[in-house]
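To start, the structure under review is shown below, and the notes come after it.
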There are 2 protein chains.
Amino acid sequence: MGCPALLLLLLAFLAPGPVKALRPALMTLGSLHLQTNPTAHPFVTKDYSVLYFQQKIDHFGFNSVKTFNQRYLIANEYWKKDGGSILFYTGNEGDIVWFCNNTGFMWDVAQELKAMLVFAEHRYYGESLPFGKNSFKDSRHLNYLTSEQALADFAELIRHLQETIPGVKNQPVIAIGGSYGGMLAAWFRMKYPHMVVGALAASAPIWQFEDLVPCGVFMKIVTSDFKRSGPYCSETIRKSWNVINQLSTTSRGLQYLTEVLHLCTPLTPRDVQHLKDWIAETWVNLAMVDYPYPSSFLQPLPAWPIKVVCQYLKNPNVSDSLMIQNIFQALNIYYNYSGEAQCLNVSTTTTSNLGSLGWSYQACTEIVMPFCTNGIDDMFEPHAWNLKEFSDECFKQWGVRPSPSWITTMYGGKNINSHTNIVFSNGELDPWSGGGVTEDLTDTLVAFTISEGAHHLDLRASNALDPISVQLARTLETKHVKNWIRDFYRSGLQH
Amino acid sequence: MGCPALLLLLLAFLAPGPVKALRPALMTLGSLHLQTNPTAHPFVTKDYSVLYFQQKIDHFGFNSVKTFNQRYLIANEYWKKDGGSILFYTGNEGDIVWFCNNTGFMWDVAQELKAMLVFAEHRYYGESLPFGKNSFKDSRHLNYLTSEQALADFAELIRHLQETIPGVKNQPVIAIGGSYGGMLAAWFRMKYPHMVVGALAASAPIWQFEDLVPCGVFMKIVTSDFKRSGPYCSETIRKSWNVINQLSTTSRGLQYLTEVLHLCTPLTPRDVQHLKDWIAETWVNLAMVDYPYPSSFLQPLPAWPIKVVCQYLKNPNVSDSLMIQNIFQALNIYYNYSGEAQCLNVSTTTTSNLGSLGWSYQACTEIVMPFCTNGIDDMFEPHAWNLKEFSDECFKQWGVRPSPSWITTMYGGKNINSHTNIVFSNGELDPWSGGGVTEDLTDTLVAFTISEGAHHLDLRASNALDPISVQLARTLETKHVKNWIRDFYRSGLQH
């Protein structure tokens, strides 16, 4: 069995302290390429090319002429030079092949849109490392890991495709991305509208910054998912923290926790916060991947995994020992659905996982998302958002301090109505929807909510078990994309 | 007497070679603060505050936390907290006080718009030097001199004003600029539409890049100005180059040129190209400042200075010696209108002029504007645009090479129709209008041509001798600005 690298990121990064559980940096999918058994879409394995494009390491300065190779994938089985389109995946914090394998939606609509599919890897992830194995060495080498540089990479890559592949120049490009990649898709349309005629931003929490949304909304949605998935489920979890705290006060209790939770290493008082963070992280992860069919996104899981988990968490009023046994059963669904795990490991770090490292740095610089819990509106122990403490942790790990207001200065916060042609989709089950655009802003900045959707379910390949809500969302998304393509050809914007 | 620093920039920068005359980097107004006797607007001298704002030297990286003080000026005599507005001058390549003194338009409309006037100095110009006197030392120190960093400075400064001056947060901000500053105003609206409700981009050649306009258009307009200002004027100038070339073949001829042109130092064969560049530059400068009333923009000049100059250039068929005498009379209008010059100096360099240095660096990196002449459509000696040669010169001077396609990748080239609320104004006499937006692109991207206007005449204070065309342009510009302000208040976009 393996501990999900996402969690490990959190553990690896955070110094002990009450702020820990408040940083569900789960958005990071960077580590997911470690996934050994992805549910590959049938098209994917058979037909894409892996290519590399030489990018300037620094698009915003001229002192250095250093370059690196950005990896990208192209699939053009259904592309037509006549009346076709380019679907451009704005790669996020992970290996682009993994994203390619998990974005079946693009493959599903390729034929209808006569589309070339392009998947662009985000710098500092996968194989697109500006300084090779030294890329994460220190803040000097990490200096070019920003969303602005990534967007410039996309722009240069599109220009390269236009100049080197006959036919591309006269076709509309559509940006598509999910999660942080969805934020990039939206921001790309905002900042480079001359490059893409529109953007599909799936589960993109572009408002999870500063005070644009309440810091507690994320964990509140996680809680709501558990509440609706089984009677007394969220109450049971809310009560479990104190049970752990109580047991942790004695060595016998620590031993009991170690044994019942099947921990790989004996629990010490120093590890208790780690343990709780790890458990909290598990519930958060489940909320993200609460998909309607068996899937293998973060872990191999059954359909509607929270429902399965909640079958073990029906009673908040059991004895302490039974409570821990039930928590274990629940955790075991997530960590050991395959049945192969010998023990559960809460303290492994993932310094070898480039994706996690990169995201941790980004969260410490630009992508500063305030999170908090109060234990009332959510099922977690109360933790306030503490920027000072967060900043100190960042400085300790990376030698940098966050600029919490930069993203809204750069990308506009809630004042984005002058932009056009962006579809924001959100899953009602997805905790990231709390920071997303969930209502139409204008006629051309539209929002869809997928009532039964977790984290960018709409970007996944269609599935027989898909609920109506995601089928409808995909239909509407495709309609918008088709309208953008139609408008492009009508306007004669071709070069 | 003084040689205009603009010219000196050209001479200082360019290595000998045929490419010289093809770089009318005249857009650079950076040196103009050396102007000793500006026509100050009555309001200016009495009422503005000089302030400084701490900016990050690098907005696009987190490795360095270094900052510098950006200078800006605020005038709020007519500002009303109730229903007012903020007119934000996007400072270009020079001392902001000089621009403040030469942008009377903003002062003229302040009362009507209940406007606070803000003049933001561009980094690396005036007093806003990121590394003090080392700012131009080498390409490492110059690395943060880009339009993107300057726009980010503007965004951070506006945010600072919103957060520190009660009332600003709920008011619309309008970007205003001329020349390179006009490009910045337009680009600022494109990239940060959440910061400004609209932009007035006066004489902003945002299309003087790559092959968006013919490289010869600039010098063709210069020629046209001379053609229309007097019979045989442009023909005379076209013929003068060969006369200079002929005379330069003998030492007696060189001596004649030295004496008749009143050159401060004897002309040598090595200096002949310098001399011709300097003369060409003079004609270009005259085209830029061919204002309808006596002014002191580049030099103290009479009204319609080209007409005055052309009185000496009526006959292309005179003897070589008379031709040179006539050329001198013409030059003397430009360089010695005050009558104080003892001799004309063609080789002074301006390494102490920070504005010129900065612009030279910008022209060698991002702001790569192709210029050419063919001697047929224009009155100059033929010179092709030679990127290779230009790049080598840049590398020699700054250790950097230009990225000629970056600006269009970043700012969209001609594909900018998705943006809104930009007024582009151009003077028909201004050679920079050749690279400007001179026709409406959409309902909200509108263009005005001022038939009797030279370089951003509309931004200057109103004058009794203003032609109707500029009066009309100012009226329409003000109307658009008022509409943006009205729309802002109607939309309830206040924070």
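The values are calculated or read from the model by the stated rules, or taken from the named source; none is laboratory data. Given the structure is predicted, the values throughout are model-derived calculations rather than measurements. Virtual Cβ from ideal backbone geometry, glycine too; neighbours counted across all protein chains shown. Quick note on the areas: whole protein, heavy atoms, side chains included, nothing else; ligands and nucleic acids left out. Shrake-Rupley method; radii C 1.70, N 1.55, O 1.52, S 1.80 Å.
Answer yes or no: is there a residue in segment A:351-362 that is modelled with pLDDT of 95 or more and within 14 Å of another protein chain (Cβ to nearest Cβ). Yes: one or more hits.
Going through (1) in contact (Cβ under 8 Å) with a residue 12 or more places away in the chain; (2) closer than 25 Å to B:Asp58 by Cα one by one, A:Tyr334 falls short only on (2).
If you check A:Ile450 against the conditions, is it surrounded by 24 or more Cβ atoms within 10 Å (Cβ to Cβ) and either within 14 Å of chain B (Cβ to nearest Cβ) or β-branched (Val, Ile, Thr) (or both)?
On the way: surrounded by 24 or more Cβ atoms within 10 Å (Cβ to Cβ): yes; either within 14 Å of chain B (Cβ to nearest Cβ) or β-branched (Val, Ile, Thr) (or both): yes.
Spelling it out, A:Ile450 is indeed surrounded by 24 or more Cβ atoms within 10 Å (Cβ to Cβ) and either within 14 Å of chain B (Cβ to nearest Cβ) or β-branched (Val, Ile, Thr) (or both).
Restricting attention to segment B:180-197 and to residues that are open to solvent by less than 10 Å² (accessible area, probe 1.4 Å), out of contact with any strand residue (DSSP E or B) (no Cβ under 8 Å at 6 or more places or on another chain) and farther than 18 Å from B:Leu441 by Cβ, the residue that is farthest from the other protein chains (Cβ to nearest Cβ) turns out to be B:Tyr180. Within segment B:313-326, none of the residues are on the phi > 0 side of the Ramachandran plot and not β-branched (Val, Ile, Thr).
Scanning segment B:257-277 for residues that are among the polar types (S, T, N, Q) and touching a residue at least 24 places away in the same chain (Cβ under 8 Å), which turns out nearest to B:Asn345 (Cα to Cα)?
Start the filter on segment B:257-277 by keeping residues that are among the polar types (S, T, N, Q), which leaves B:258, B:265, B:268, B:273.
Among the residues that remain, those that are also touching a residue at least 24 places away in the same chain (Cβ under 8 Å) are: B:265, B:273.
On the way: B:Thr265: 7, B:Gln273: 14 Å.
Applying the filter and picking the extreme gives B:Thr265.
Which one of these does B:Tyr489 not meet: (1) in a loop (DSSP other than H, G, I, E, B); (2) more than 17 Å from B:Val423 (Cβ to Cβ)? Unmet condition: (1).
Somewhere in segment A:198-214, is a residue of a type in the set (Val, Ile, Thr), closer than 16 Å to A:Phe448 by Cβ and open to solvent by less than 20 Å² (accessible area, probe 1.4 Å)? Don't jump to the end; show me each part of the working.
At the first step, the residues of segment A:198-214 found to be of a type in the set (Val, Ile, Thr) are A:206, A:213.
Retained after the next criterion (residues that are closer than 16 Å to A:Phe448 by Cβ): A:206.
Filter once more, keeping what is open to solvent by less than 20 Å² (accessible area, probe 1.4 Å): A:206.
Within segment A:198-214, one or more residues are of a type in the set (Val, Ile, Thr), closer than 16 Å to A:Phe448 by Cβ and open to solvent by less than 20 Å² (accessible area, probe 1.4 Å).
In the set (1) farther than 19 Å from B:Gly339 by Cβ; (2) open to solvent by 20 Å² or more (accessible area, probe 1.4 Å); (3) not polar (S, T, N, Q), the condition left unmet by B:Tyr291 is number (2). Annotation note: Cβ proximity below 6 Å between a residue of segment B:440-456 that is farther than 14 Å from B:Ala473 by Cβ and a residue that is buried (at least 22 other Cβ atoms within 10 Å of the Cβ) (sequence gap 6+ or interchain) occurs for B:Thr444/B:Asn421; B:Leu445/B:Ile422. All conditions in (1) touching a Lys or Arg at 6+ places or on another chain (Cβ under 7 Å); (2) free of Cβ contacts under 8 Å to residues at least 24 places away in the same chain hold for A:Pro316, with the sole exception of (2).
Selection of first residues in segment B:50-76 that are away from chain A (no Cβ under 13 Å) and closer than 22 Å to B:Glu93 by Cβ and of second residues that are of a type in the set (Asp, Glu) and not in a loop (DSSP other than H, G, I, E, B), restricted to Cβ pairs under 7 Å at least 6 apart or on distinct chains, gives the following pairs, ordered by first then second residue: B:Gln70/B:Asp153.
Scan segment A:296-345 residue by residue and report those that are in a loop (DSSP other than H, G, I, E, B) and within 19 Å of A:Asp277 (Cβ to Cβ). Within segment A:296-345, A:Leu298, A:Gln299, A:Leu313, A:Cys343, A:Asn345 qualify.
Kindly indicate whether any position in segment B:465-480 is outside any helix (DSSP H, G or I) and more than 23 Å from B:Ser229 (Cβ to Cβ). No, there is no match, as no residue in segment B:465-480 is outside any helix (DSSP H, G or I) and more than 23 Å from B:Ser229 (Cβ to Cβ).
Across segment A:118-133, the number of residues qualifying as small (Gly, Ala, Ser) and surrounded by fewer than 24 Cβ atoms within 10 Å (Cβ to Cβ) comes to 2. For B:Thr164, state whether it is surrounded by fewer than 20 Cβ atoms within 10 Å (Cβ to Cβ), hydroxyl-bearing (Ser, Thr, Tyr) and either within 14 Å of chain A (Cβ to nearest Cβ) or touching a Phe, Trp or Tyr at 6+ places or on another chain (Cβ under 8 Å) (or both). It is true that B:Thr164 is surrounded by fewer than 20 Cβ atoms within 10 Å (Cβ to Cβ), hydroxyl-bearing (Ser, Thr, Tyr) and either within 14 Å of chain A (Cβ to nearest Cβ) or touching a Phe, Trp or Tyr at 6+ places or on another chain (Cβ under 8 Å) (or both). Screening the candidates B:Phe154, B:Phe136 for the property of being buried (at least 17 other Cβ atoms within 10 Å of the Cβ) and more than 30 Å from B:Gly492 (Cβ to Cβ) yields one hit, B:Phe136.
Based on this model, can you work out whether A:His419 counts as buried (at least 18 other Cβ atoms within 10 Å of the Cβ) and more than 12 Å from chain B (Cβ to nearest Cβ)? Before the answer, list the steps.
Details: buried (at least 18 other Cβ atoms within 10 Å of the Cβ): yes; more than 12 Å from chain B (Cβ to nearest Cβ): no.
It is false that A:His419 is buried (at least 18 other Cβ atoms within 10 Å of the Cβ) and more than 12 Å from chain B (Cβ to nearest Cβ).
Going through segment A:143-161 one residue at a time, which ones are hydrophobic (A, V, I, L, M, F, W, C) and either under 13 Å from A:Phe188 (Cβ atoms) or facing chain B (nearest Cβ under 8 Å) (or both)?
Step one: of segment A:143-161, the residues hydrophobic (A, V, I, L, M, F, W, C) are A:145, A:150-152, A:154-155, A:157-158, A:161.
Within segment A:143-161, A:Ala150, A:Leu151, A:Ala152, A:Phe154, A:Ala155, A:Leu157, A:Ile158 qualify.
The number of residues in segment A:372-416 that are assigned to a loop (DSSP other than H, G, I, E, B), in contact with a strand residue (DSSP E or B) (Cβ under 8 Å, 6 or more places away or on another chain) and away from chain B (no Cβ under 14 Å) comes to 4. Report those helices (runs of 4 or more DSSP H) wholly inside segment B:57-174 carrying at least 2 residues which are at pLDDT 95 or above. Those helices (runs of 4 or more DSSP H) span B:104-109, B:147-164. Scanning segment B:184-219 for residues that are assigned to a helix (DSSP H, G or I) and farther than 20 Å from B:Ser405 by Cβ gives B:Ala185, B:Phe188, B:Arg189, B:Met219. Set side by side, the residues A:Tyr125, A:Tyr144 differ, and just one is closer than 29 Å to B:Asp58 by Cα and in contact with a Gly (Cβ under 6 Å, 6 or more places away or on another chain), which is A:Tyr125. As a summary of the residue check, A:Gly177 satisfies the conditions (1) in a helix (DSSP H, G or I); (2) open to solvent by less than 10 Å² (accessible area, probe 1.4 Å) except for the one numbered (1). Every test in (1) without any contact (Cβ under 8 Å) to a residue 12 or more places away in the chain; (2) within 14 Å of chain A (Cβ to nearest Cβ) is passed by B:Lys133 save one, and that test is (2).
For segment B:420-443, the criterion of a residue being under 19 Å from B:Met106 (Cα atoms) and over 22 Å from the mean Cα position of the chain (by Cα) is satisfied by at least one position.
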